[in-house]
Each structure stands twice: as structure tokens, then as C-alpha cells.
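Here the structure is laid out as C-alpha cells; the discussion comes afterwards.
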């Protein structure tokens, strides 16, 4: 029995039925049915993806469904990875969404579109022709846009975020469309099989053009700078289950597109493609995490962290391409395996983090870290979930991202002696970039967790927060279990990932595992995440026990008042805030961030020496956005003003425009024929 | 960086030559009613300074006592940032009403054994502020004082000499 094909078809059917259920079921039960349906779609997709990774092919051809081109789906191991990731995210988010829908998301349109969005994300990696890919891509863009706009009645910022997202995602589609059409014009037809056959034979100029164009389009979906502008806008304003789907599943497909076009269809390519990709990835990683470290909006912080993690994935992909171009196929496989593993771990912890952030948002109505704090008592499970996610995201040993970033660093370090001059310059820089990113990620997530969840509540809403319903906790529990599993036993999935990576770059499997240890093939390096976590736990327990033993050996315990500078009880206003926590970092990176801050001091009327109020304002504008987007937007607005003169409101003139343009067209046709 | 090095080299050592070490038991600056035997700290005393309403004159002199010229740190006295780290409190100024509770809490926060040093005439007997509105009294009204340093303000040499009776160096 072909599980891959069966899973794919089941996902198609359940996804479609869930969307239909969203339309037809009455409001009280709608969210439950759609949530379970979405989760079932996810389960089917995971089955299909895992079976495809194991080598089962699945081909679905529907030639009549779309005129001229038809629909063609083929699930191969590479696509299988992304289908499985999307499915797994959908399972957790589907169950979570049952409870989350209580907060004004039970509407017919939202509940009907959600399964369609999941379905389109499952189909994109399975698409096997240009037409199919573009159709699924556009379906994904439209459904996600509708979901982002779900709360537009409640908050006016949603509309602005939606506009940014709509424009960016459609410009991305346009460049992908142009790139793929140029590619298809040089091949027999639009199917990926034909493109794959034509890939190595097209001229380097065309191949480069195709790679750059599709890279721009897919990169904008992955949130790579300078095309990340939509991401920190759309992620915070979307409902949290949609943010989780977008951040953990949708952005991955940008990386998928680049790997599919660059490696699979174009068959590798010259080193400069991958150098470009590696550079952009490293810059995105650093810039993304830097802005995450200084943002105070919890979901915006997570959005910037997505840019960072996609940057790391593209560093892996770029390094892999560079190694493949210089003939180091094992290292190429290793870097690709690191990139794919990071896609998976990022999906796990980002699902968990966005779900916990949504749980906080639902309980308090606040996203600003400076208004949160003290959630540990009211929301213990959410706090634990966010803590687990933060640990996974900060790339420290018992966390999930540690394993993938360790693999990535191993590939980069071992690449130094292996290949030529460009690698000798690029690899150390890339290692430094990854290391800096990891350090800043620790700062970011210590801030998000410590300020947001611990200490005293900074607002009455945070003080009154209560734990979320069981369905949301179940969703978080699933994602949390995935994080723990990936952190402790990556050895279970690494052989599969390694085989897929080896298949993509055409090498042997770059990683060898036994029960607990990961060994790298051909280069020295091994890691036992489980033993490492065990050793850390034992060391921690031993240190605590020793401290306790020393403390109890003392004769008497003394009750002492908590030292509060002698001035009375400490209040929440004396706490560190997210802004003050990030302030030293903001100073260090002031050349990059160029924060704007002003301090207004008003004095009491009687004396200039007595201060009445101090008003401190800080804004950290996205510098890339300001330099790159503002001039373009200003030029467009200027064009619009000039163009308005052509439309003064006279019907005669409009008729005239139509007449003359028709005549011009006809004349053009006559002349050129 | 280089100019800093040059400055350090050209300036050299500016500390006053050390006067002879104090007699081990009898504090030189202690008032007549001070306790006879102070706890010995084995040559090192961590000091927390508390300003309970001083005019800042004593603070300037304390600053000078710990500056490069009088350099109290070479005798084992050191200023710290929290009473939890301290062995001794250095209290300046008459105790104002607002500072009564903080001074008492600070005293309670210092681990045993502990000493309190009242620096300057205001801390000993309210000085020129005696009987003024808002003054709760001298330091000894609030916490037990072990050592008093007279002067308005006391000279740095006097402060250093008194602290040396605590450190015993």
C-alpha cells in the first residue's frame, strides 16, 4: 500500500471537507469540527511526508482540472520533509485553534479558509509543474492574506499590515512567475521533469536570471532582508494560530523553493549564486535577531526571530551550494542536512512560542512585554511552554536548535580547509555570524521569558491572567513534546534528514547515528544530545544538592527581610522592563540600529531644580525599511499625484482615452504584422 | 589608551606615607562612651555608607579618604554597594525623620558581627541641626553606635585613622 499517495489524497479530502464544514456547520460547533479536521489533514500530511522521505513516490495527475496545463503533484523526499513539517504544525495548531477561536474567530469565513491555507501549504511542496506550483502558491498567499485580515474590525493596524503583506507577497509571486516562465521557455514543457532535464543545458546567463528571480520571490516569502518588511507587520497582527502556521510552516516554503529550483531543477550552479544566498542569509540572521532583541512587542519579536532562523537555514543552503560547486559533496550534504534539521526545529519551537504568545494575548489582551510579567502564578502551563520554547530557540545545549546549529557550524568549520579562496574568506565570517546570532538569540529569549512571564505583573490585566482552555494547552503540549524530542533524540530523524540531504546534493549520507550519538561522515565530530542533557541535569542536581548541604550544615536559619534598599516594599514599577533590558545592546549596536530617543523633563513651577515628570520615548525604526522602502513609496506616491491629472473626471476624456488607445493598438498590430 | 598609560607613568604614586599602625585595642577617634572592645575583622572590613541627611561635607571627606592620596583601601577598608556585603556601616548626617526606618532596616540587613561608625558631628549629636524640624536625633538614637569620628567635617586622616582601628592594620 502506498502510504505517501494515500496520505496526500486523504489530506486533500479532509482539508476540503474541513473547509466545507467551516462553511456549513453552525457557530457553536464550527471551530471544534474545523480544528479536528485541520489536525486530521495534518496527520495525513505527516504520514504522506514521512512515507515520501522513506522513498515512496506519490504521483497525482489531474490534467482536466486546470485548462492548458493541468495539475500535477509528485511527492519526492525533499518535498516530503516540508509536507511532514507543515502537517505536524497543522496538527498542533488545529487543536490549539479550537480554544483560541473563542476570542472572536468563530466566523464562517475564517474557519472555512483556515483548512484551505493548510491544504495549500501541503500542496506547494508536492507540486510538480510550473502551473501547479504557481496555483498552489497563489492559493496559499490569498488564504493567508484573508486569515491575516481576520481581526481587522478590532484593530485598524491590521489593515495596514494586510496591505503590506498583500503587496509584498504578490510582487514575490510576479517575480517567481517571470523566473519560472523564462525557465520553462527553455525547456520542453512546464513540468518539473522537463525542467530538470533542461536545467544543466540552459545557458549560464538564463540559469542565473532564473535563480535570482525565483530567489527574490521565494526569499521574500522566507522573510530574508531586505524583503522582510511584511513579516514583522503581518505576524503580530494575524491571529496567533495563523501566526504560528505562517511562521512555522509558510516561511519554510520560501527555503523549499530556493532548494528546489537551485539544486533540483537547475542542478547546482556556479559558486556566486550560493555566496549571494549565504551572505543574505547571514545578514538576515544577524539583523533579524538584533531587531528581535530590542523589540518589546512579543509577537513582533517572534516575527523578527523568524527572519533570523530563515537566515540560518539559508546560510546552510548557501554553504551547501558552495561546497557542491567546489566538489565537496559530503560537506554539501552536511550543510544541507543542517539546514533541513533547522527548518524542522524552527517549526517546532516557533509553533510553541506563537501558541504561548497567543495564550498570553488571549488571557491579557496585551502583547507589549513592558505591560506583562508575573504570568507564572496565573498561567503556569503557558509559562512553562514559553520557557521550553525559549530554551529551544536560544541554541544552548539542552535545546532543540542547538543540534541543528551545531551541525551547521561543523559544516562551516570543516569547509575552511576544504575549498578555495572564497570559502577561506567566507566560512570564518559565516561562523562568526552564526555565533553572534546564537548569542543574541539567548539575550532575546531571556528577555522575552524573564520580562514577559516572571517577576511581578506590570499591568492589572497581567495580574488577572488565567490559564487558557484545555484545547489550547493540548496544542502547546504537542509542540512542546516535539521540541523536547528534537532536543533529546534528534538521532531518530537525523538518518532520514541526512538521506534526503544526500539525495538533494548527490552525496553519501553525511551523518551516521547510533542510539544516542550523532557522528559526521568523513569529518571528525560527534555529539550525544541525550548524554549532554543528562550530564547537565546531573551537574545541576549535584550543584543544588551541594549548596543545600552547605546551607543546612549551618546551625541556625535566620529570617531576614528581603533587601529593598530600606525604602519599603518593591513594586512592579521598579522592575527591569524589556526596553531597559535591551538598552545596553541598543547602545552597542547603535551604528546599525540608529535608535531615536528623546527625553522631556518638566519642572514644577516653583523651582527649576525639582522635576515633575520625565518623559522618555524611544523608537527603533527598521533602518533597511527606511532607506529602501520609503524612497520607493514616495516615488510611487509622486507618480500617483502626477497621474491624477490625467483623470480630471470628464467622461469625454475617458472615452477619448479608450478610443485613442484602441487606435494605437490597431496601428501597432498593422505595422508589426 | 597610550596617553592613559603615559599619564599613569608620569604621575606615579601620590599616596601619603602610611602613619604607624594603631594600637590594637584602643580606637583613636572613639568617643568616651564607645564600647571598649570592637569585633576584630581579621584585617579586612567591608563598609556600607549611609547618608541619613548629611550636607555632603562628610561625603566629600570620605571620598577623599578612599581616594588615591589617603587610600584607605591599603589598610583593608573597602566601600561596598549593599549592606548585605558589609561588616560596618558608615553613617553621616543627623537622622532625618524619613531616614529613621531605612537606617534601621539597613542596620538589620548587615550580617553579624557588625559595627556602626558615626562620621562627623551631625551623626554624633546633630551638630548645627540639633533641635531642628524634621530631625529625629543623632544616629545613636536609632541604632547602637560603636565608633564616632568627630569633626565638621572630619579630616580624611581622621577617618582613615578611625577605620584602621577597625581593620587593625
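Read-outs: derived from the displayed coordinates by stated rules, not from any lab. Computed from a prediction, not measured in an experiment: that's the story for all the values here. Heads up, the Cβs are rebuilt from the backbone with ideal geometry, glycines too, and the neighbour counts pull from every protein chain shown.
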Förster-model FRET efficiency, 60 Å R0, residue A:170 and residue B:133, C-beta, rounded to 0.05: 0.20
Difference of contour (0.36 nm per residue) and Cα-Cα distance, residue A:446 to residue A:416: 7.5 nm
Angle in degrees between helix B:97-109 and the longest Cα principal axis of chain B, rounded to the nearest 10: 60
Ellipsoid semi-axes in whole angstrom, largest first, where each is sqrt(5λ) of the Cα gyration tensor of chain B: 28, 19, 16
Sites residue A:548 and residue A:384, calculated FRET efficiency, Cβ-Cβ separation with R0 30 Å, nearest 0.05: 0.80
Antiparallel DSSP beta bridges within the range B:25-167, as percent of all bridges there, nearest 5: 10
10 Å Cβ neighbours from other chains, averaged over peptide B:105-117: 2
Shielding of B:78-86 by partner chains, average beta-carbon count, 10 Å: 1
Calculated Rg and Dmax of the range A:176-232 using C-alpha coordinates, Å: 13.0, 41
Kirkwood hydrodynamic radius of the range A:184-270, Cα pairs, Å: 14.1
The range A:593-673: radius of gyration over Cα atoms, expressed as a fraction of 2.2 N^0.38 Å: 2.39
Inter-centroid distance (Cα atoms) of the range A:358-405 relative to the range A:55-69, Å: 42
Relative contact order for the range A:307-409, counting Cα pairs under 8 Å that sit 6 or more residues apart, in percent: 28
Taking B:1, A:379 and counting other C-beta atoms within 10 Å, the order from fewest to most: B:1, A:379
10 Å Cβ neighbours from other chains, averaged over peptide A:208-220: 0
At 1.002 mPa s and 20 °C, Stokes D of the range A:100-199 from Kirkwood alpha-carbon radius, µm² per second: 141
A:576, B:133 arranged by Cβ crowding within 10 Å, fewest neighbours leading: B:133, A:576
Relative contact order of chain A, defined on C-alpha pairs under 8 angstrom at six or more residues apart (%): 11
Spread of Cα-to-Cα distances over 10 Å intervals beginning at zero, given as percent, for the range A:272-377: 16, 36, 25, 15, 7, 1
Between the range A:533-590 and the range A:277-311, the Cα center-to-center distance that results, in Å: 29
Share, in percent, of DSSP beta bridges within the protein assembly as shown that are antiparallel, nearest 5: 60
Degrees separating the helix B:2-11 axis from the principal Cα axis of chain B, which is the longest one: 80
Extension reserve of the residue A:611-residue A:537 stretch, reckoned as 0.36 nm per residue once the Cα distance is removed: 21.5 nm
Solvent-free Debye scattering, log10 I(q)/I(0), computed from the Cα coordinates of the range A:256-304 at q = 0.32 Å⁻¹: -1.07
For the range A:593-673: relative contact order, % (alpha-carbon pairs under 8 angstrom, 6 or more apart): 21
Peptide ranges A:109-122, A:30-43 listed from the most packed, as the mean C-beta count within 10 angstrom indicates: A:109-122, A:30-43
Cβ-Cβ FRET estimate between residue A:185 and residue A:671, R0 fixed at 41 Å, reported to 0.05: 0.95
Rounded tilt (10° steps) of B:156-167 against the dominant C-alpha axis of chain B: 80
For the range A:442-579, the fraction of alpha-carbon pairs in successive 5 Å shells from zero, as %: 2, 7, 8, 9, 12, 13, 13, 12, 9, 6, 5, 3, 1, 0
Kirkwood-type radius of the protein assembly as shown, with distances r between different C-alpha atoms, in Å: 31.2
Gain upon complete extension [residue A:59, residue A:178; 0.36 nm per residue less C-alpha separation]: 40.2 nm
Label-to-label distance, nm, for residues given as residue B:56 and residue A:623 (7 Å Cα→Cβ offset): 3.9
Quarter of the Cα convex hull surface for the range A:286-546, i.e. its orientation-mean projected area (nm²): 14.4
Projected-area average for the range A:276-321 over all orientations - Cα convex hull basis, square nanometres: 2.5
Protection-proxy order for peptides A:17-29, A:310-322, A:264-276, each taking the mean of Cβ atoms within 10 Å per residue, highest first: A:310-322, A:264-276, A:17-29
Packing-based order for A:462-471, A:389-398, using average beta carbon neighbours within 10 Å, highest first: A:389-398, A:462-471
